[in-house]
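These notes are about the structure you will find just below.
The values are calculated or read from the model by the stated rules, or taken from the named source; none is laboratory data. Keep in mind that what you see is a predicted model, and the values were worked out from it rather than measured. Cβ sites come from the backbone with ideal geometry, for glycine too, and all protein chains shown count toward neighbours.
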Amino acid sequence: MVDDDLGPGESPAVGTRAVVLTTIGILAVLVAVAFGLELVFRDRIGMTYVEQHKLAAPGVIPDERAVREALEAQQRAVLAGAGNRLAIEAAMRVIAAKGEHAFDPVETAR
């Protein structure tokens, strides 16, 4: 038997009190969140403009290939012994000649 006081589609199992309390609870949570955000972002409230900062220019090198090739040439020269340095092949031969003592601590000159 259907109660005549209920509108179409309303179930008698859903109480009005539950709907109203749920709605009030949701509104209370939304108000709490809004005031909580006000506390967190206190320095942003009332700002009508933002200072604009000029961005740095992009770090693009116009002739990147030439720069890389020059760096590689410089590194190859250092490995070959440029600047009164020991060439890498010679250094490897010196280490290999030490045999099993190759990784012993280096003696300091006094």
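Annotations for the structure displayed:
- Candidates 22, 48: the one that is in a loop (DSSP other than H, G, I, E, B) and either at pLDDT below 90 or polar (S, T, N, Q) (or both) is 48.
- All positions within region 1-19 that are modelled with pLDDT of 85 or more and not β-branched (Val, Ile, Thr): 17, 18
- Scanning region 72-94 for residues that are of a type in the set (S, T, N, Q) and part of a loop (DSSP other than H, G, I, E, B) turns up just one, 84.
- Some residue of region 55-71 being without any contact (Cβ under 8 Å) to a residue 24 or more places away in the chain, of a type in the set (Gly, Ala, Ser) and assigned to a helix (DSSP H, G or I): yes
- A count restricted to region 51-110 and to residues that are surrounded by 10 or more Cβ atoms within 10 Å (Cβ to Cβ) and of a type in the set (Asp, Glu) stands at 3.
- Selection of first residues in region 37-54 that are of a type in the set (Asp, Glu) and of second residues that are at pLDDT below 85 and exposed (fewer than 10 other Cβ atoms within 10 Å of the Cβ), restricted to Cβ pairs under 8 Å at least 6 apart or on distinct chains, gives the following pairs, ordered by first then second residue: 38/45.
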